[in-house]
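Engineer: Have a look at this one.
The values are calculated or read from the model by the stated rules, or taken from the named source; none is laboratory data. Because the structure is a prediction, the values reported are computed rather than measured. For neighbour counting, all protein chains shown are included, and Cβ atoms are generated from backbone atoms with ideal geometry for every residue, glycine included. For the accessible areas, the whole protein counts, side chains as well, though only heavy atoms, and no ligand, DNA or RNA atoms are used. Shrake-Rupley method; radii C 1.70, N 1.55, O 1.52, S 1.80 Å.
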Amino acid sequence: MPSDDVAQFLANSPDRLTLLTRLSEASASPGELASQLPVSRRSVQRNLAEFVDRGWAETTGGTYHLTVTGALVADEHAAYVDALNRIEEFAPFFRPLPDRDHAPDPTWLEDATLTVATADDPQAPVHRYVTRVRQFDTERVRMLAPV
């Protein structure tokens with residue numbers, strides 16, 4: 001199966017990530033999945049059938065569980081969606097950079113907080129920085145500011 005087909009299949013419905021994520025936690029029947037998730041029973045059944053056809057899930061007695069392939073797809077797809085969301089969240093940070101070579105790896109920003117200047121607080125990044133520095137247990141801080 002070409003990877004473009006897999007990517008398109010996953011991108012065409014956010015329900016698929018929701019179902020893969022839930023099935024990666026524990027096996028479940030279509031009824032359980034439909035009652036636990038914001039997904040219609042019809043969508044659950046249709047997507048489970050696709051997962052089985054693709055070798056991502058198997059069923060035993062009406063209960064579905066992910067195969068190893070399905071678990072890997074679930075993990076990688078969730079990581080991909082998280083990375084795209086992080087890039088979108090940090091777009092104000094990336095936007096002024098001259099090229100891709102100057103951009104940090106987005107995974108470095110997993111636990112970062114973006115603070116941007118606003119019309120009401122044009123010094124918001126500086127205020128946040130000063131607040132964070134004051135939390136250090138030190139008597140002196142030296143810094144260079146490109147201002």
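Engineer: Please list, ordered by chain and number, the residues whose modelled amide H lies under 5 Å from the amide H of residue 64; skip anything fewer than 5 residues away on the same chain.
Structural biologist: Long-range HN contacts for residue 64: 28, 29.
Engineer: Something else now. For residue 103, what residues show an amide H to amide H distance below 5 Å, using hydrogens built from the backbone and excluding near sequence neighbours?
Structural biologist: Counting only residues 5 or more places away or on other chains, the set is empty.
Engineer: Quick check on the stretch 81-147: take the gyration tensor over C-alpha atoms, sort the square-rooted eigenvalues as a ≥ b ≥ c, and tell me if it's rounded (a/c under 1.5), prolate or oblate.
Structural biologist: prolate
Engineer: Now for a separate question. Give me the net charge for the shell around residue 129: Cβ to Cβ below 14 angstrom, other residues only, Lys and Arg +1, Asp and Glu -1.
Structural biologist: Net charge around residue 129: +3.
Engineer: Using modelled backbone amide H atoms (1.01 Å from N, in-plane), which distant-in-sequence or interchain residues come within less than 5 Å of residue 57's amide H?
Structural biologist: HN-HN under 5 Å from residue 57: 52, 67.
Engineer: Say the dipole of the chain comes from +1 at the beta carbon of Lys and Arg and -1 at that of Asp and Glu; which of 8, 78, 37 then lies farthest toward its positive end?
Structural biologist: Projecting each Cα onto the dipole axis, the largest value belongs to 37.
Engineer: Here is a follow-up. For the chain, what is the accessible area per residue in Å² when the probe is 1.4 Å?
Structural biologist: Per residue, the chain has an accessible area of 72 Å².
Engineer: Let me ask something additional. With +1 on each Lys and Arg Cβ and -1 on each Asp and Glu Cβ, and nothing else charged, work out how big the dipole of the chain is about its Cα centre, in Debye to the nearest 20.
Structural biologist: Its charge dipole is roughly 340 debye.
Engineer: Angle check, please: helix 41-54 long axis (alpha carbons) against the longest principal axis of the chain (alpha carbons), in degrees 0 to 90, nearest 10.
Structural biologist: On a 0 to 90 degree scale, this one is about 90.
Engineer: Sticking with this structure for a sec: Tilt of helix 68-89 relative to the longest C-alpha principal axis of the chain, in degrees (0 to 90, nearest 10)?
Structural biologist: Roughly 30 degrees between the two axes.
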